[in-house]
1. Can you bin the chain into rounded, prolate or oblate? Criterion: square roots of the alpha carbon gyration tensor eigenvalues sorted a ≥ b ≥ c, rounded for a/c under 1.5, prolate for a/b above b/c, oblate for the rest.
2. Once phi is turned into θ = phi - 60°, what whole-Hz ³J(HN,Hα) does the Karplus curve with 6.51, -1.76 and 1.60 give for every residue of the stretch 296-311, x standing for Gly and Pro?
3. For the stretch 323-417, what class follows from the C-alpha gyration tensor (a ≥ b ≥ c being the square roots of its eigenvalues): rounded when a/c is under 1.5, otherwise prolate if a/b is larger than b/c, else oblate?
4. Using amide H atoms built 1.01 Å from N in the peptide plane, name the residues 5+ places from residue 127, or on other chains, whose amide H lies under 5 Å from its own.
5. Full extension from residue 434 to residue 377: what is 0.36 nm times the residue separation minus their Cα-Cα distance, to one decimal in nm?
6. In the chain, with Lys and Arg counted as +1 and Asp and Glu as -1 at Cβ, which of these residues, 231, 241, 79, has the Cα nearest the positive end of the dipole, that is, farthest along it?
7. Add -39500 (n - 2.57) for each DSSP H run of 4 or more in the chain, then divide by its residues: what number comes out at 222 nm, to the nearest 500 deg cm²/dmol?
8. For the residue pair residue 243 and residue 192, what label-to-label distance in nm results when each label sits 7 Å from Cα along the Cα-to-beta-carbon direction?
Amino acid sequence: MTGPRNWLTAALTRLVAGIAIAVPAALLLGASPAAAHPMPHSVVQLDVHQTSVNATLELPTGEFAVASGIDLSDSTKAGLAGKAPSVRAYLARHIRPATTSGTAWRVTIGALSLGRTEQTSTGPYRELVAEAVLTPPADADVRHFSFGYDVIVHQVVTHVVLVTVRQDWAAGQVDGRGTTQVGTIRIDTRTMKVPALKVDLGAGSAWRGFLAMLDLGGDHILTGTDHLLFLLILLLPAPLAVRGRRWEGLVGPRAALGRIGRITLAFTAGHSVALAATALGRPAIPAWPVEAFIAASILVGAVHAIRPLFPGREAVVAGVFGLGHGMAFSFVLVEMHLSTGQLVTSLLGFNLGIELVQLLLVGLALPSLLVLARLRVQPTLRLTAAALTGTAALGWLVDRLGRPNPVARAADGAGSHTTALLTGLAVTALASAAWTLTTRRRTSAADPAEPQLGQEDRMASVP
């Protein structure tokens, strides 16, 4: 009886094992991709400063609750404030940066907030955003360290953490222009431990920071539609004369060039002084009054292009309004939280970038401004340009006073077409120069003898 019983037992065992394998396999093969329920990953974004590293943690609340026991799924802002001490304590226990020799850094958990986001294939979900400051010991290297981190991962073994660098001035990475991936953090399934991530950011330098700020300054004026419009609308009537509180006639090429030069120089001086004072002094100035002031300055310039408000004093007005534009420029530097040395270097590079691109744009616009003033269609083109600029300025002003509108959005969107802007200015500059040369040649060909006749007449009149 032993033989048949063993055979029966073995057969039943194989049957059960086959079912145990076949059923899950059939379910997995027949399931839709969405049925796998991929989990969102965490993201840690690093901002590398001279003496510290700021970390922004983006954590899915569902996985965070599993790992920490702190449920944030239904928390409001007030509810999060009540749980903040527990959240900060948990994060502080699981963030352990250290020098390459093993000396621990100081970790300070700052602001907490809740929001909603979405990752590819996961669908929308709630996330906890936490700010942390990682401070190494004195004279330690912030560019090479061991990043011990196991938030969520210590309990949710399938969780993955992506670590990226968002800002690194010494490496030329500024103003959130993309991110550089440092690595990933996950559990080692063989040891069931979470190894620290070795962070190696390479060698940084002040020169790379300077060049990055030079590029950022040029890009800021080129894509800053409001700053560019203010300068161009002030330059538009520069070649025109004033008669009876109206733009009528011309002042001559030399006088026009003098006006354009003085307006550009005054605007440069105004925004340079304000940029330096605001960036180095770091006053707590809200952005919206400054931005509203800029919109108002453009509106004033547009009205002046239609009917002269301050003829002959455009340079003074450009300098005064330039102060507001410079304060707006400084917000870019202040938000980067640079050290004093980095800030001074950045200030030089950023301002130089602004001036170089501004000089390029004025140089490209100059031939067109001089030619436009001599055309019969000048009044129509000038009034049309002033009306469009004034409309954009009104839209910006209303938007910056708290009323978003499509006009402001359209005007802001114009700053993204920098290639088209430069191409248009270059083409019109070449066309204007060609028109000027052709006109002069025709004039010379039409009256070739006038200078000689005049000389002969003068010689004949000598006794």
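1. Details: a/c = 2.99, a/b = 2.48, b/c = 1.20.
Verdict is prolate for the chain.
2. Listing the rounded values in order: 5, 5, 5, 4, 4, x, 5, 5, 5, 5, 7, 9, x, 9, 9, x Hz.
3. Oblate is the answer for the stretch 323-417, as a/c is 1.5 or above yet b/c matches or exceeds a/b.
4. Result for residue 127 returns 61, 115, 116, 117.
5. Full-extension gain reported as 18.7 nm.
6. Of the listed residues, the answer is 241.
7. Taken over the chain, the calculation gives -19000 deg cm²/dmol.
8. It works out to 9.5 nm between the two label points.
The values are calculated or read from the model by the stated rules, or taken from the named source; none is laboratory data. Computed from a predicted model, the values in this text were never measured in an experiment. Ideal geometry is used to build each Cβ from the backbone, glycine not excepted, and the neighbour counts take in all protein chains shown. With ligands, DNA and RNA removed, areas are computed over all heavy atoms of the protein, side chains included. Shrake-Rupley method; radii C 1.70, N 1.55, O 1.52, S 1.80 Å.
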